[in-house]
Structures are given as structure tokens and as C-alpha cells.
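*Asks:* Please see the structure below; I have some questions.
The values are calculated or read from the model by the stated rules, or taken from the named source; none is laboratory data. Keep in mind the model is a prediction, meaning the values are calculated, not measured. Cβ placement follows ideal geometry from the backbone for every residue including glycine, while neighbour counts extend to all protein chains displayed.
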There are 2 protein chains.
Amino acid sequence: MIDLENGRFMEQVEALTARKRWPDLRDMLVLLEPADIALVLGELSLERLPLLYRLLPKELAAEAFVEMEPEEQAVLIKSFSDTELKEVLEELYVDDTVDLIEEMPATVVKRILQHADPETRRSVNEILKYPEDSAGSIMTTEFVDLKQDMTVGDAFKRIRRTGVDKETINICYVTSPGRHLLGLVSIRTLLLSDEDDVIGEIMETNIISASTMDDKEDVAQDLSRYDFLAMPVVDRESRLVGIVTIDDAIDVMEEETTEDIALMAAITPTDKPYLRSGVWETVKSRLPWLMLLMLSATFTGIVISSFEDSLAACSVLIGFIPMLMGTGGNCGNQSSVAVIRSLSLNEIGFSDLIHVVWKESRVAVVCGALLAGGNFIKLLLVDRLLMQNEEVTILVAAVICLTLVCTVFCAKAVGCMLPLLAEKIGLDPAVMAAPFISTIVDVLSLLIYFQFAKLLLRI
Amino acid sequence: MIDLENGRFMEQVEALTARKRWPDLRDMLVLLEPADIALVLGELSLERLPLLYRLLPKELAAEAFVEMEPEEQAVLIKSFSDTELKEVLEELYVDDTVDLIEEMPATVVKRILQHADPETRRSVNEILKYPEDSAGSIMTTEFVDLKQDMTVGDAFKRIRRTGVDKETINICYVTSPGRHLLGLVSIRTLLLSDEDDVIGEIMETNIISASTMDDKEDVAQDLSRYDFLAMPVVDRESRLVGIVTIDDAIDVMEEETTEDIALMAAITPTDKPYLRSGVWETVKSRLPWLMLLMLSATFTGIVISSFEDSLAACSVLIGFIPMLMGTGGNCGNQSSVAVIRSLSLNEIGFSDLIHVVWKESRVAVVCGALLAGGNFIKLLLVDRLLMQNEEVTILVAAVICLTLVCTVFCAKAVGCMLPLLAEKIGLDPAVMAAPFISTIVDVLSLLIYFQFAKLLLRI
């Protein structure tokens, strides 16, 4: 295995390219996996790309092509002759062709559709009909279909004849003449059966399938949950129209997780790798959120300003504001993130609201009490005794610690409820994480703080 | 497909259990996927579990057993007779047996090992040798191995004879007499070849393999990157000792992501689903972090206290502290989370430090300038003109906006560097997210704020 990370491989590629040692380059590249070839070619300047790409054997070239970034694919397609384009398209699976078309500019799309064979074109148009986040949009139409009256021997003949073009042959699907899904049979079952066993008798009929309009994320989760290698996708009339394979499901899960994590950090998700996105793109994905959160922090400012006189009267309280707001934010963030993750793993749903709130409330009471206790001791021992800060009276410590208990409780309650409510009204729960929760909790904690201060310190 | 989420299915199960309608119950359960059976049985009280479990046909029962939570598995094993235990163990794949053993208390483990057949016991002990996070610990030793002088016909005979016990037959591995890995051949290639083709001639020799001591997360990432269904695992002498299958790789990826997300929110990761972990467990995973962060927020308090006199002289400055700290925290969080996610997708490494810092610096300058600009306008138009707050002079606005620019820059720099440094010294980069970064940025932003205030407002 070649270690691409240390950069020495890239240096060799650059050196050989400079000296035009094409056969040596070819020998180096063919040893790599398609994903790594895409990585290596992606590091080169775009002008050199078509030259090196042409060194690859046809099938490997197509496999590497699928793994490349859209801008590189566009450059390559522009450099292809019509025959070359046709050849590449023939090697691609239908779902990869769809992915390609979704990323390319209109003129390139036109050229691709012109040179795809009629059957591919029909399948591509079929898949493009489905909404972006649906199971239909990520399925492939190339699966092995068998009939229930076939024998195992017939099935093998069919697989041998058509299997080379199918994305997977590990699971074969049994359909009725009306294309309804009747059952499935794994290649393992076929191999362990006799030549003249009838498919209808050995097939698994107790099947889980997805519908074309299901959310692709749910379908991916189900594939993972049930340890499937592929999930059949049926249309509204329960006719089998495609399958989602495990590799595409993994891509969906990774994308969705990356999106969730970005949203949780108040970043608009992009599908580009970190170092590939430019400065402006990055600014565009971050600045609007920062602006929004900055403006909503104004409310915190207003609360503080309106208590300015009380604070002037008892200025020791100012120093504890960051600690109270910070602890509140952290507590809320813990709850919201735990709930968001469980939601995206389908472990909980909106119907669990009461369970979740009950659990978080008890956690909040325990955490709040212990934090307040710890803080009370610290205030009296460190601030008052050790650092001789006379202003930290027992009453001040009480205000701080009571605020802590209430803030922790509110923070956990807000933190666990908001993601569930977001899910309910169709928003992405991931938005309800740290930055958003903190902004709300900041205001809450200040209001609680000043109420206790008024009450106990009479300021 | 049965909708487990709406709860009606569970009600039916409860009702049938109460009326002891075992055959009806059995008929309902056998229609479910093993993962769903585990879910349904998990909802029942633990005393009823063995009763319902015994309704299932042997193979399905074992498959459902694998999917259950450890406490349910323990209850079942205790209820098993020796013969029953033996039967279940025979149905399990070796890697599932290892998972089971890792979760069970010592007495149960002893009983399991006593009743496993000698070969399984040997494999289990072999796998248990490897460290917890290694590829060796998640591999299975049950794969199809072929010899290079076999014909395709011989290979099929071998698969038919041994395949039923193998975790996957989709990829077969070709080994030398000394058990070195020579190549691999997919079931598709076998099916598309002639009966008397020789394995050594049709096998793929350009293979990527993992080593037993590789990090399991890296191996899982590679499986996903290369779209493999299984990854061969070799020992230090490059002998093939096992394979990691895609379903286990997906589990590893999900676990690691859940762990990362938990750490990013300052929660110690546990492997229990959200609603399954008790209040004390949840408190234990959250409280130490809250305590730590609360104590480190003390530094912020110290900074504020030491500038108490200046603040008293110009109390308008107090109201903007939360906005400045919040914006700093959000900026730092955006950068750190983006870097943490790229690190865990292996998109970047420590060697990219300069690239990353250069990119974040430019993003920081643009974001900082625009945020400061927006804020300057808001301060003069809203605070000064609209709300007639005379204290917000142009100089005060300048202090706030200059602080904003510098804070954003520091926050982004700290945010992108700390995760990379953590990775370098072997810590989990995910710890370096919002809570930790905020605490640092809070102190930094205050120091910057007061320096500018001193300089421009001469307080």
C-alpha cells in the first residue's frame, strides 16, 4: 500500500511528469485504488490532468473518474472526444452518471445525455425525477432481477449473462411479470442450493424495502441497522425500480453527519472537503450565522444595561457573569447535542418528549446541586478566605449558587426540548446546538441572576 | 414493513403475551428483522424475555440475540440450559462471540468459553489478544480462503462446503501454504469465469490490507473510501488472520462519530443509547466537564475583577462583554469543529497545519472586518441615534469593533490550531471544541477589550 500522506509519492509523480516518463507514470498509477488515483490527479494542475488521465486503462480510468471532484470532471469531459466520452459513460453505473449530471453545468449535461446510450438516458431521466433527498435520487437501476419459476441453474445463467453490468450481484431480486417485488435471494443461498431448486421456493419473501420518496438518510440508517448490502426501492405501485447499495448509503451517512456537525457549530454545510473550499466560500458559510448570533447577543447587552445601576451598587456580581453564562451554555449544549445525535440515529423521536424532559430534569437537578455546592465552597474558601475578597459575602455566594441551580435547570430543559420541537416542525434539529442555545441561555441566566440579586441583596 | 415507532405493535405484543397466545406471537415476531426483534424484546420486562425468546426459530433467535443490549443478553444466558447455550454459540459468528464476551461479567464469560467448540474458543482467544481500538479486535476469522492452484470449479466446491459458516462469501482470499495473502477474488469474478480457469490467474493481486494493530477507525474509513465490502487483516508476518466486514466498519464509524460529537459537547462518551442510560450515568458523563469548565471560567472572573475600576468609570463597556465573548466563542467553535471533522475523515493531518492556519487567518480577517463593520453601523445607528444612548461614543464603538476584529482573529487561530496539536500529541482532537475553546477565547477577548479601552478611552 502506498502512503500518500507523506507527499513523497506526489513528488515522484511530479518529477516523472516533468520528464515526460509516461510509461513509468502509468505503472505507478495502475497500482493505486481508484479513490487514490483521483486524489493524486486532483493534486496536479488542471491542464496536466487530461494528459495523465489518458495513461490509465479504460476501466480503471472510469472508476477513478467517478471519485474525482466536479471541477476536475468538468475539465476532463471538455477534453474528451465524443468517442472517449461515450466510452467513459459506458463504464459508469447509472447512479454515478446521475451524480455526475447533478454536478455539471448545463452545456456539459447536454453533451453527456447526447452520448449516453438510450437505455442509460431513460434510467438517468427516471432517477433525476426524484427530489434531492429521496431514496429515488440515490438508487441505481442496475440490479439482477430473477423470476420465481426460474431454477437456480437458470439464475446463474442470467447472472453470468447480465451480471457484469450490475452494481451488485450479491443480492438478486425476484419480481413478478408486473415488476412487483416478490422476494430476494442472496448469491450465497444460490451457491448453497441445488442446480434445479426453484427460485420461488428458496427466496426470502419477508423483505424490507424502501419507497422512492423515503428520506435517503432514513434508508441509509435502515441499511446500517439491518446489516444489509443493498435495499430494494419500490415506487408508489410497489414495483421494484431500483436498489440502494451499501457504499452509497455510507456516503449518505457521512455527508449527513458532516452536515449535522457543521450546523451544530453554526456553519452552513457545503459538500466540499475543508481544504478544497476557498476563503470566500468559507466566509459565506460562516458569516451569516456569526452576524445573526452577534445581533441576538444584543439582547444580553440590553439586559445588562437595564441592570447597570444595580451592578454599579454591587460590582462584585459582574465578575461572575461569564462563569454563569458559560456554565449555562455548556449545560444546554450537552443536552441538545445528546438529543440531536439520538434523533439522527433514530433512537428517539418527538413522541419521546416527555421521557426526555423527565430524564434531563433529573440530570439537571443533580448537576445543578453539585455545581452549586462546589461553587459555594470555592467562593467561601478561595474567594473570601484565601483571596480575602470581602465583597463575596455569604449572601452574594447564595445569589450566585441559586442562579447556578436555576440556570442549569433552564439550560437543560431548553437544550433538550428545542431540537425535538425543531424535528417536529420539520427544521433540522442540528441547528439547535451550542451557538443558538447559548444565546437563549445567556439571557435567561442573566435574568435569573438579577432577580436573585434583587431579592437577596435588595439592590 | 411493520412500523415499530407508533407503539401499536408493542401493544399487540403485550396483549398477546398477557393472554399467553404463544403461536400468534411467534407468527408476528418471525416476520421481523433480527434488529427489530431485539428492539421489541428489549421493551418487555426482563422476566418475560426468556419466555418470548424461546418462541423464535433457532437461527433467527441467534441473529436477534446478537442485536440485543448486554443486560438482556446476560439475562438470556443465565436462563439457557447448557445445550441451549451451545446451540446459540454455534450459530454466532466469531466476531459476535467476541463482542459478547467483552460485555459479559466474568462468570458468564467462563460459561460461554466452556460451551464454545474448541476452534471457536481458539479464535476468540486470538481476537481478544488485540487492543481494544485495533483492527484485530473487530475482525472475524471466518473467511473463505482459496489456493492459487485451484480452478474456479474447485473454488465453488470449497465455497459450497464451507461457505455456510463464513461471514461473507462475496470476497474470497487466496493464500500461500504459509498463509500469506496473495490475492483476492470476488464471487462475481468467479461466476463470470470458466469452470477450469485457475484462481492464481484471475485473482486481483494489487490488494489493500490492514494490519491487526491498525486503528479500527482508520480501517473503517478505508473500507468506506475504497467502497470495499471487506478488508483483509494481516499480522506482523503478513499472514492473513481475518477480515473486517463492512457492517462492522459502519458500526465503528457510527460509534466514533457519536463519541466525537459527545466530546465536542463536553460529554464523556458512553456506548449506551440516550434513553437507555440512567440519570447517574448521565450525570457522571457530564458533571466532571461542567465542573472543570466552571472552574476555568474563574479566570474570566479574575480578569474582570482586576479591571473593575475601569469598568466602573465607563460602565457602558459592561453591556458589550457577552456579545464579544459570544462572537469569539462562536468563531473559534466554527474553526475547531471544521478542523476536527476533517481530521476524523482523514482529509487533513498535522502536516497541513500551515495550510489550515493560512486559510483560517484569511477567513478571520474577512469575517472580523465585516462583523466589526456591521457592528459599528449598528452601534452608531441603533444604540446612539435610535436609543439615544449618549455613552456610546465613536471612541467606544471603535474600542468594541477593534476588539471584535482581534478577537475573531485569535479565536479562529486558536480554534484551528488546538485540534491539530491535540492530534499531534495523541489526544482526541474532538475535546478541543466549543466548551474548551470558548473558555480560552473568553479570557483572550476580555484582555483585548480592556487593552483597547485603556488605549483609546484612557481609563
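*Asks:* Taking A:PRO288, is it under 29 Å from B:CYS401 (Cβ atoms), free of Cβ contacts under 8 Å to residues at least 40 places away in the same chain, more than 7 Å from chain B (Cβ to nearest Cβ) and not hydroxyl-bearing (Ser, Thr, Tyr)?
*Replies:* Considered against the rule, which asks whether it is under 29 Å from B:CYS401 (Cβ atoms), free of Cβ contacts under 8 Å to residues at least 40 places away in the same chain, more than 7 Å from chain B (Cβ to nearest Cβ) and not hydroxyl-bearing (Ser, Thr, Tyr), A:PRO288 comes out as yes.
*Asks:* A further question follows. Name, by its number, the condition in (1) farther than 27 Å from A:LEU290 by Cα; (2) of a type in the set (Ser, Thr, Tyr); (3) within 12 Å of chain B (Cβ to nearest Cβ) that does not hold for A:THR403.
*Replies:* Tallying (1) farther than 27 Å from A:LEU290 by Cα; (2) of a type in the set (Ser, Thr, Tyr); (3) within 12 Å of chain B (Cβ to nearest Cβ), A:THR403 fails exactly one: (3).
*Asks:* In the stretch B:112-126, what residues are farther than 12 Å from B:THR140 by Cα and either among the aliphatic types (A, V, I, L, M) or at pLDDT 85 or above (or both)?
*Replies:* Listed by number, the residues that qualify are B:ILE112, B:LEU113, B:ALA116.
*Asks:* Please pick out the residue among B:ARG225, B:ARG161, B:ARG188 that is within 12 Å of chain A (Cβ to nearest Cβ) and either over 36 Å from the mean Cα position of the chain (by Cα) or of a type in the set (Phe, Trp, Tyr) (or both).
*Replies:* Only one candidate qualifies: B:ARG161.
*Asks:* Could you say which residue among A:VAL233, A:VAL244 is in contact with a Pro (Cβ under 9 Å, 6 or more places away or on another chain), more than 28 Å from B:ALA338 (Cβ to Cβ) and more than 9 Å from every other protein chain (Cβ to nearest Cβ)?
*Replies:* Unique residue meeting the criteria: A:VAL244.
*Asks:* Next question, about the same structure. If you scan the stretch A:397-429, which residues turn out to be in a helix (DSSP H, G or I) and either touching a Lys or Arg at 6+ places or on another chain (Cβ under 9 Å) or on the phi > 0 side of the Ramachandran plot (or both)?
*Replies:* Within the stretch A:397-429, A:ALA397, A:CYS416 qualify.
For every residue, the table says whether it meets (1) touching a helix residue (DSSP H, G or I) at 6+ places or on another chain (Cβ under 8 Å); (2) without any contact (Cβ under 8 Å) to a residue 24 or more places away in the chain.
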| position | (1), (2) |
| --- | --- |
| A:ASP149 | yes, no |
| A:ASN170 | yes, no |
| A:SER193 | yes, no |
| A:THR205 | no, yes |
| A:TYR226 | yes, yes |
| A:ALA230 | yes, no |
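*Asks:* Only one residue in A:ILE101, A:ILE77 is of a type in the set (A, V, I, L, M, F, W, C), surrounded by 17 or more Cβ atoms within 10 Å (Cβ to Cβ), farther than 30 Å from A:ASP27 by Cα and touching a residue at least 24 places away in the same chain (Cβ under 8 Å), so which one is that?
*Replies:* Exactly one residue qualifies, and that residue is A:ILE101.
*Asks:* I want to confirm something. Restricting to the stretch B:191-209 and keeping residues that are over 38 Å from the mean Cα position of the chain (by Cα) and within 11 Å of chain A (Cβ to nearest Cβ), which single residue is surrounded by the most Cβ atoms within 10 Å (Cβ to Cβ)?
*Replies:* Going through the qualifying residues, I end up with B:SER193.
*Asks:* Kindly check whether there is at least one residue in the stretch A:256-267 that is modelled with pLDDT of 90 or more, among the charged types (D, E, K, R) and farther than 30 Å from B:PHE409 by Cβ.
*Replies:* no
*Asks:* Somewhere in the stretch B:359-372, is a residue surrounded by fewer than 24 Cβ atoms within 10 Å (Cβ to Cβ), under 31 Å from the mean Cα position of the chain (by Cα) and not in a helix (DSSP H, G or I)?
*Replies:* The initial filter retains those residues of the stretch B:359-372 that are surrounded by fewer than 24 Cβ atoms within 10 Å (Cβ to Cβ), namely B:359, B:361-362, B:365-366, B:369-372.
Restricting the remaining residues to those that are under 31 Å from the mean Cα position of the chain (by Cα) gives B:359, B:361.
Narrowing the set further to residues that are not in a helix (DSSP H, G or I) leaves none.
The answer is no; no qualifying residue exists.
*Asks:* Based on this model, can you work out whether B:ALA262 counts as facing chain A (nearest Cβ under 10 Å), outside any helix (DSSP H, G or I), within 17 Å of A:VAL337 (Cβ to Cβ) and among the aliphatic types (A, V, I, L, M)?
*Replies:* no
Condition check ((1) aromatic (Phe, Trp, Tyr); (2) over 18 Å from B:VAL363 (Cα atoms)) across all residues:
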residue: B:ARG384; (1), (2): no, yes
residue: B:ALA398; (1), (2): no, yes
residue: B:THR403; (1), (2): no, no
residue: B:CYS410; (1), (2): no, no
residue: B:PRO429; (1), (2): no, yes
residue: B:LEU446; (1), (2): no, yes
residue: B:PHE452; (1), (2): yes, yes
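*Asks:* Within the stretch A:307-327, can one find any residue that is at pLDDT 90 or above and more than 7 Å from every other protein chain (Cβ to nearest Cβ)?
*Replies:* Within the stretch A:307-327 (the criterion being at pLDDT 90 or above and more than 7 Å from every other protein chain (Cβ to nearest Cβ)), the answer is yes, since at least one residue qualifies.
*Asks:* Another question, if that's okay. Pick from B:LYS157, B:LYS147, B:LYS129, B:LYS166: which is modelled with pLDDT under 85, charged (D, E, K, R) and farther than 30 Å from B:THR270 by Cα?
*Replies:* The unique qualifying residue is B:LYS166.
*Asks:* How many residues are more than 7 Å from chain B (Cβ to nearest Cβ) and farther than 21 Å from A:GLU67 by Cβ when one looks only at the stretch A:273-285? Steps first, answer last, please.
*Replies:* Here is the first cut: in the stretch A:273-285, the residues more than 7 Å from chain B (Cβ to nearest Cβ) are A:276-278, A:280-281, A:284-285.
With the extra rule that they be farther than 21 Å from A:GLU67 by Cβ, the set shrinks to A:278, A:280-281, A:284-285.
Adding up the residues that qualify gives 5.
*Asks:* I'd like the full set of residues that are buried (at least 17 other Cβ atoms within 10 Å of the Cβ) and of a type in the set (Lys, Arg), limited to the stretch B:257-315.
*Replies:* Passing the criteria: only B:ARG286.
*Asks:* Continuing with this model, one more query. Kindly check whether there is at least one residue in the stretch B:292-300 that is closer than 30 Å to A:VAL365 by Cβ, in a helix (DSSP H, G or I) and under 25 Å from the mean Cα position of the chain (by Cα). Before you say what the answer is, go through the steps one by one.
*Replies:* Of all residues in the stretch B:292-300, those closer than 30 Å to A:VAL365 by Cβ come to B:292-300.
If we keep only those that are in a helix (DSSP H, G or I) too, we end up with B:292-300.
Keeping just the survivors that are under 25 Å from the mean Cα position of the chain (by Cα) gives B:292-293.
Yes: one or more hits.
*Asks:* Over 17 Å from B:LEU275 (Cα atoms) and assigned to a helix (DSSP H, G or I): which single residue out of A:ASN389, A:ASN330 fits that description?
*Replies:* A:ASN330
*Asks:* Checking A:LYS412 against (1) closer than 19 Å to B:MET291 by Cα; (2) of a type outside the set (Val, Ile, Thr); (3) more than 27 Å from the chain's Cα centre (by Cα), which test does it fail?
*Replies:* (3)
*Asks:* Hey, can you tell me all the residues within the stretch B:30-47 that are away from chain A (no Cβ under 12 Å) and hydrophobic (A, V, I, L, M, F, W, C)?
*Replies:* B:VAL40, B:LEU41, B:LEU44, B:LEU46
*Asks:* Further question: Of A:VAL303, A:VAL316, A:VAL339, which residue is touching a Cys at 6+ places or on another chain (Cβ under 6 Å), of a type outside the set (Gly, Ala, Ser), part of a helix (DSSP H, G or I) and touching a residue at least 40 places away in the same chain (Cβ under 8 Å)?
*Replies:* Of the residues listed, the single one that is touching a Cys at 6+ places or on another chain (Cβ under 6 Å), of a type outside the set (Gly, Ala, Ser), part of a helix (DSSP H, G or I) and touching a residue at least 40 places away in the same chain (Cβ under 8 Å) is A:VAL339.
*Asks:* Here is a check on your reading of the model: is B:LEU345 at negative phi and at pLDDT below 90?
*Replies:* yes
*Asks:* Also: Just to be sure I understand, how many residues within the stretch A:122-134 are without any contact (Cβ under 8 Å) to a residue 24 or more places away in the chain and in contact with a helix residue (DSSP H, G or I) (Cβ under 6 Å, 6 or more places away or on another chain)?
*Replies:* Matching residues across the stretch A:122-134 total 0.
*Asks:* Could you tell me which of the residues B:VAL357, B:VAL363, B:VAL396, B:VAL339 is more than 11 Å from every other protein chain (Cβ to nearest Cβ), among the hydrophobic types (A, V, I, L, M, F, W, C), farther than 26 Å from A:PHE307 by Cα and in contact with a helix residue (DSSP H, G or I) (Cβ under 9 Å, 6 or more places away or on another chain)? Quick ask: steps written out before the conclusion?
*Replies:* Working: B:VAL363 fails: more than 11 Å from every other protein chain (Cβ to nearest Cβ); B:VAL396 fails: farther than 26 Å from A:PHE307 by Cα; B:VAL339 fails: more than 11 Å from every other protein chain (Cβ to nearest Cβ).
Every option except B:VAL357 fails the conditions.
*Asks:* Of everything in the stretch A:423-444 that's farther than 11 Å from A:ALA266 by Cβ and within 10 Å of chain B (Cβ to nearest Cβ), which residue is nearest to the chain's Cα centre (by Cα)?
*Replies:* Among those residues, the one meeting the criterion is A:ASP442.
*Asks:* Which of the residues that make up the stretch A:164-185 are among the hydroxyl-bearing types (Ser, Thr, Tyr) and more than 32 Å from the chain's Cα centre (by Cα)?
*Replies:* Selection gives A:THR175, A:SER176.
*Asks:* Considering only the stretch A:44-68, state which residues are of a type in the set (Asp, Glu) and surrounded by fewer than 17 Cβ atoms within 10 Å (Cβ to Cβ).
*Replies:* If the condition is that a residue be of a type in the set (Asp, Glu) and surrounded by fewer than 17 Cβ atoms within 10 Å (Cβ to Cβ), then A:GLU47, A:GLU59 are the ones that fit.
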